[in-house]
Amino acid sequence: MDIALLFGTTLIAVFLNATLFGVLGHQYRRYYSCQFEDSTNLKALLFFLFILHTVHLPCLLYIIWLYAVRNYGDPSIFLQHLWPNTLSPLLMMLATFGANAFMMTRILQLTQDVPRTAVISLLCSAALMLGLGVNGIAWAQDVPATRFAQHVFLDRLAIAWRGVQALVDGLIMSHLVYFLARDPDAFRKTDTPVHWATRSTMQTYFLAAVFSLATVVSFAVIPGSTLYTIFAVNNGLVCTISLMSTLLDREPRGSNTPQMPVPGVDFTLSFRTHPATSTKTDATVTATATMASSDRSNDHQSIALTA
């Protein structure tokens, strides 16, 4: 048994999760400070996702404590099915499903294609059901992920689950890349190429698709190891970060650019640079105002406002 391959990858996954959770916390702080006029449904979804990730991180830290402190020097702990190993994928499945639901609503607004979105939604639901089935069977039969290779049915079911999830994330990414590439404002360059590349990666769900693909490949190629946990443990968190990045690339309340409401979700489809990260440039906005007086009630004047 290679302890480095088993424990080392789990430790890396937890450290990465803690780092990404800090990024997510910063995004939530920015979101609520901007005072977006989003729907109650969207705010409830964001609150639900934040609770999931807040519970998930202590769960992962407890796993490390069990491995490195309570059962230090006992390699048999890696062959035991611990309750945090069941709770962790459940939390990530729910987080991934919630973020995907938001992205599918966005795809529907971009494409106006109900059948296309319905197919992706069915695949997303299938991935959730497969994940619940895999973790339910593993918990009932007391089988840890490191021993899935010894149970052919459970192993194939887990590969199918990861494969369908990777397919869903890949479809979402491909649709967003294709339709956002046709919008001249979607990938507009910002202050630095690095910032532009980061925004484009997050808005297109590219990183989430990469994590899903890496999960299924590492799980299928290296059975019995925990290498896949580096990606699987953080996949839902990456999806939520991509969602928050999409929401933050809008003009906040009080800006000159009005938000485009979407039924039930409310977000703009034309993603623009956030004022906090954009360069300070002078722009002239021309507005037409009607000035009424007792002598000229129907005259119109053009007023130049400098922003």
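Rolling a 1.4 Å probe over the protein heavy atoms of the stretch 24-101, with every protein chain left in place, gives an accessible area that is 67 percent carbon and sulfur.
Probing with 1.4 Å while keeping every protein chain in the model, the per residue accessible area of the stretch 15-101 equals 49 Å².
Calculated on the Cα set of the stretch 1-64, radius of gyration then Dmax: 15.7, 54 Å.
Taking all C-alpha pairs of the stretch 41-107, those more than 20 Å from each other amount to 42 percent. Maximal additional length on extending the PHE153-VAL55 stretch stands at 32.2 nm, based on 0.36 nm per residue less the C-alpha distance.
Here the calculated FRET efficiency for ARG70 and ASN41, from their Cβ-Cβ distance with R0 = 41 Å, stands at 0.45, rounded to the nearest 0.05. Ordering 64-76, 9-21 by mean Cβ neighbour count within 10 Å, with the highest value first, yields 9-21, 64-76.
The values are calculated or read from the model by the stated rules, or taken from the named source; none is laboratory data. Note that the structure is a prediction, hence the values are computed from the model and not measured. Positions of Cβ are backbone-derived with ideal geometry, glycine not excepted, and every protein chain shown enters the neighbour counts. Side chains included, ligands, DNA and RNA excluded: accessible areas come from the protein's heavy atoms. Shrake-Rupley method; radii C 1.70, N 1.55, O 1.52, S 1.80 Å.
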